[in-house]
Amino acid sequence: MKKFWLFALTLGLVLLTACGGKTEDGSQDTEAEEETSSEETRSVTIEDAMGEKTIEGTPKKVVVLEWTYAEDLQALGMEPAGVAGLDSYGDWVDVGIPFSDKVEDVGTRAEPNLEAISRLDPDLIIGVKFRHEAIADQLEDIAPTVMFAPYSEEAAQDQFANMEEEFQTIAKVVDKEDKAEDVLTKMEDTFAEQQSRLEEAGKAGMNYVITQAFTLQDTPTLRLFTDNSMVAQIMNQMGMENDYESEKLEIYGFTETTVETLQNYQDSNFFYIVQEEDNIFSEQLADNPVWENLAFVKEDRTYQMPGDTWTFGGPLSAEVLAEQVANAALEQN
């Protein structure tokens with residue numbers, strides 16, 4: 001009798017397993033199989049900084065070697081498996097989405113750790129040509145690699161438009177194009193909202209100069225952003241007007257200079273981004289007569305922004321920057 005019940009139980013398990021792939025009406029449930037098959041056969045061809053590239057399947061585990069693209073993945077609802085320069089990321093970039101403990105550090109942005117990348121077994125790597133071209137073949141040996149050139153002469157013509165294009169390319173590769181459109185729409189809405197805040201406060205059309213300032217080789221140094229930069233493009237879309245111009249195309253979107261240059265822009269509103277531990281205006285320049293005698297300093301038209309205002313990011317950083325510009329301007333009311 002015991003043998004009979006053992007046989008019956010075994011037979012039941014076999015039948016249950018056999019029926020597991022069927023629907024309630026007994027037909028085979030192929031939805032999961034079709035999804036898997038679709039992902040396996042999916043193929044996307046894009047143009048990156050190295051030429052035409054075809055990516056097979058839909059990447060899920062992505063290693064990012066430049067912060068902008070880590071942020072882009074976050075905007076698309078994904079988390080990178082690995083990020084170069086992970087320990088420093090939060091010092092400069094804050095888009096309100098912290099990485100989980102699952103994200104691995106894979107070396108520095110300038111010198112990624114190939115062994116650390118390989119251990120993650122990624123199905124996509126995203127890098128930048130000016131940093132990673134020399135190791136492109138080694139990266140490709142690990143996983144398909146997409147390279148961007150955000151500081152090429154072509155991209156530098158309009159860094160904001162280039163940011164959007166790169167973001168949409170990544171979205172295409174990871175099959176998140178609809179999500180990308182939603183993100184960009186929300187970004188544009190944020191610019192309009194922040195412009196309205198300025199207008200309601202009587203600060204519509206503010207003319208400005210904006211800098212990211214820091215100490216370099218014991219010298220107070222300023223990056224004055226030009227109109228082709230992400231920063232100026234965002235502020236200009238908020239109805240503001242950049243007073244700073246360069247005689248040449250600035251590949252990185254800024255001119256690196258000293259405080260003396262500011263004497264040419266005394267009628268401007270002065271926005272500045274500094275790290276709290278390296279605020280050159282309250283420290284090295286506190287008693288500097290050039291700084292102290294500037295009209296916008298005397299007239300209290302200076303606007304401090306946080307050190308983690310990321311000026312080279314994606315759509316999320318663009319939203320944060322717009323809000324921080326408006327917040328800084330309105331705090332003076």
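Observations on the model:
- When GLU79 is tested against the conditions (1) surrounded by fewer than 22 Cβ atoms within 10 Å (Cβ to Cβ); (2) touching a residue at least 40 places away in the same chain (Cβ under 8 Å), the lone failure is (2).
- PRO306 vs. criteria within 28 Å of the chain's Cα centre (by Cα), outside the structural domain of TYR151 (by TED's automatic domain parsing) and surrounded by fewer than 22 Cβ atoms within 10 Å (Cβ to Cβ): yes
- The set of residues in the stretch 121-142 being under 22 Å from the mean Cα position of the chain (by Cα), aliphatic (A, V, I, L, M) and under 12 Å from VAL106 (Cβ atoms) consists of ILE125, ILE126, LEU139.
- Hits in the stretch 82-100 - residues which are farther than 21 Å from GLU323 by Cα and crowded, with 18+ Cβ neighbours inside 10 Å: GLY82, VAL83, ALA84, GLY85, LEU86
- When ASP227, ASP137, ASP175, ASP189 are screened for being surrounded by fewer than 22 Cβ atoms within 10 Å (Cβ to Cβ) and in contact with an Asp or Glu (Cβ under 8 Å, 6 or more places away or on another chain), only ASP227 passes.
- Evaluation of GLU40 against (1) at pLDDT 95 or above; (2) among the acidic types (Asp, Glu); (3) in a helix (DSSP H, G or I) (one fails), failing number: (1)
- In the stretch 241-253, the qualifying residues are those that are touching a helix residue (DSSP H, G or I) at 6+ places or on another chain (Cβ under 8 Å) and within 23 Å of GLY313 (Cβ to Cβ), and the one that is surrounded by the fewest Cβ atoms within 10 Å (Cβ to Cβ) is LEU249.
- The requirement of being in contact with a helix residue (DSSP H, G or I) (Cβ under 7 Å, 6 or more places away or on another chain) and either within 26 Å of SER152 (Cα to Cα) or modelled with pLDDT under 95 (or both) is satisfied by LEU316.
- Condition met for THR211 (of a type in the set (Val, Ile, Thr), assigned by TED's automatic domain parsing to the domain that holds GLU260 and surrounded by fewer than 18 Cβ atoms within 10 Å (Cβ to Cβ)): no
- Matching option when the condition is outside any loop (DSSP other than H, G, I, E, B), under 28 Å from GLU166 (Cα atoms) and free of Cβ contacts under 8 Å to residues at least 12 places away in the same chain, among THR211, THR185: THR185
- Here ARG131 fulfils each of the conditions (1) touching a helix residue (DSSP H, G or I) at 6+ places or on another chain (Cβ under 7 Å); (2) within 21 Å of SER88 (Cα to Cα) apart from (1).
- Counted residues, the stretch 83-109 - those being more than 16 Å from ASP121 (Cα to Cα) and free of Cβ contacts under 8 Å to residues at least 40 places away in the same chain: 10
- When THR169 is tested against (1) modelled with pLDDT of 95 or more; (2) not in a helix (DSSP H, G or I); (3) not assigned by TED's automatic domain parsing to the domain that holds THR258, just one condition goes unmet, and that condition is (2).
- Test: residue in the stretch 104-118 that is in contact with an Asp or Glu (Cβ under 8 Å, 6 or more places away or on another chain), part of a helix (DSSP H, G or I) and among the basic types (Lys, Arg): no
The values are calculated or read from the model by the stated rules, or taken from the named source; none is laboratory data. On a predicted model such as this, the values are computed, not experimentally measured, just so you know. Note: ideal-geometry Cβ built from the backbone for every residue, glycine included; neighbour counts use all protein chains shown.
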